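Engineer: Can you read through this structure? Questions will come right after.
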Amino acid sequence: FMQQYPDINISMSSGAEPVDLLRHEELDLAIAYGSAPQRAGIVSEAIGSETIVPLCSPTLLRDKPAALQLADIAGMTLIQSTLNPVRWSDWFALNGMKLPPGRPMPSFDRASLALAAAVNSVGIALESTRLAEQEIANGELVRLDGGELKSVLRETHFLSYREGEKNSKKIMRFRDWLFLQAELNQA
């Protein structure tokens with residue numbers, strides 16, 4: 001974006017809590033993970049659907065069967081990302097099995113931490129392939145879907161901006177650029 005629009009200044013910040021754009025007028029827009037903030041005066045748009053799958057380090061699979069079954073995954077350490085709206089119980093239910101009760105599940109408040117734990121063979125993370133794109137491309141993580149195992153398709157990232165600024169040139173340039181990038185990455 002900065003190469004295409006060098007005249008538009010970008011200042012980024014991250015946090016786990018949703019940003020209130022009506023209170024923080026110094027911010028032009030927000031990208032939220034999990035759910036879209038619904039509020040009068042705010043426009044929120046989903047940035048495309050994402051595929052959410054179990055991901056793990058290839059080293060974690062060394063002594064496992066070539067094609068893991070649902071029961072194999074249920075017996076492994078399952079890493080939970082607390083901000084992810086898709087829970088392990090959702091994924092197991094989609095695949096026709098109830099999540100075994102009472103099992104310890106390490107959890108992290110950031111997807112990046114859950115993915116780092118998976119890369120380091122702590123267990124299997126249930127996360128978006130969009131967020132894990134680099135780790136998958138580098139071979140640090142492998143997807144545990146396909147065959148009989150289903151993945152979840154869900155909108156999990158949302159762009160929000162003030163209704164009164166929906167025609168702002170800089171906001172529309174960023175919005176259009178962002179949606180084009182999301183489209184290109186899904187192709």
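Engineer: Could you tell me how many of the residues in the range 137-187 are surrounded by 11 or more Cβ atoms within 10 Å (Cβ to Cβ), polar (S, T, N, Q) and at pLDDT 90 or above?
Structural biologist: Residues that pass the stated criteria total 3.
Engineer: Among the numbered criteria (1) at pLDDT 90 or above; (2) in contact with a strand residue (DSSP E or B) (Cβ under 7 Å, 6 or more places away or on another chain); (3) surrounded by 11 or more Cβ atoms within 10 Å (Cβ to Cβ), which single criterion is violated by TYR5?
Structural biologist: All conditions are met except number (2).
Engineer: Yes or no: the range 18-30 includes at least one residue that is part of a loop (DSSP other than H, G, I, E, B) and under 23 Å from VAL86 (Cβ atoms).
Structural biologist: Residues of the range 18-30 that are part of a loop (DSSP other than H, G, I, E, B), as a first pass: 18-28.
Next cut, under 23 Å from VAL86 (Cβ atoms) only: 18-19.
Yes, there is a match, as at least one residue in the range 18-30 is part of a loop (DSSP other than H, G, I, E, B) and under 23 Å from VAL86 (Cβ atoms).
Engineer: How many residues, within the range 95-112, are over 18 Å from the mean Cα position of the chain (by Cα) and either surrounded by 12 or more Cβ atoms within 10 Å (Cβ to Cβ) or not small (Gly, Ala, Ser) (or both)? I'd like the intermediate steps shown before the answer.
Structural biologist: Filtering the range 95-112 for residues over 18 Å from the mean Cα position of the chain (by Cα) gives 95-105.
When the remaining residues are screened for being either surrounded by 12 or more Cβ atoms within 10 Å (Cβ to Cβ) or not small (Gly, Ala, Ser) (or both), the result is 95, 97-101, 103-105.
The number of residues fulfilling the criteria is 9.
Engineer: Something else now. Can you give me the number of residues within the range 43-85 that are outside any loop (DSSP other than H, G, I, E, B) and either in contact (Cβ under 8 Å) with a residue 60 or more places away in the chain or under 27 Å from LEU159 (Cβ atoms) (or both)? Please lay out each step first, then the result.
Structural biologist: We begin by selecting, within the range 43-85, every residue outside any loop (DSSP other than H, G, I, E, B); these are 43-46, 49-56, 58-61, 70-74, 78-81.
Of the ones still in play, those that are also either in contact (Cβ under 8 Å) with a residue 60 or more places away in the chain or under 27 Å from LEU159 (Cβ atoms) (or both) are 43-46, 49-56, 58-61, 70, 73, 80-81.
Here the count works out to 20.
Engineer: A follow-up question, please. For the range 118-187, please list each of the strands (runs of 3 or more DSSP E) lying entirely inside it that holds at least 3 residues being under 22 Å from ALA93 (Cα atoms).
Structural biologist: On the way: elements: 124-128, 152-155, 157-162.
Because the criterion is at least 3 residues that are under 22 Å from ALA93 (Cα atoms), the strands (runs of 3 or more DSSP E) in the range 118-187 that meet it are 124-128, 152-155.
Engineer: LEU83 fails exactly one of the following numbered conditions: (1) more than 11 Å from the chain's Cα centre (by Cα); (2) open to solvent by 50 Å² or more (accessible area, probe 1.4 Å); (3) on the phi < 0 side of the Ramachandran plot; (4) not polar (S, T, N, Q). What is the number of that condition?
Structural biologist: Unmet condition: (1).
The values are calculated or read from the model by the stated rules, or taken from the named source; none is laboratory data. In this text, all values refer to a predicted model and were calculated from it rather than measured experimentally. All Cβ positions, even for glycine, are placed from backbone atoms using ideal geometry, and neighbour counts span all protein chains on display. Just the protein is used for accessible areas: all its heavy atoms, side chains included, with ligands, DNA and RNA removed. Shrake-Rupley method; radii C 1.70, N 1.55, O 1.52, S 1.80 Å.
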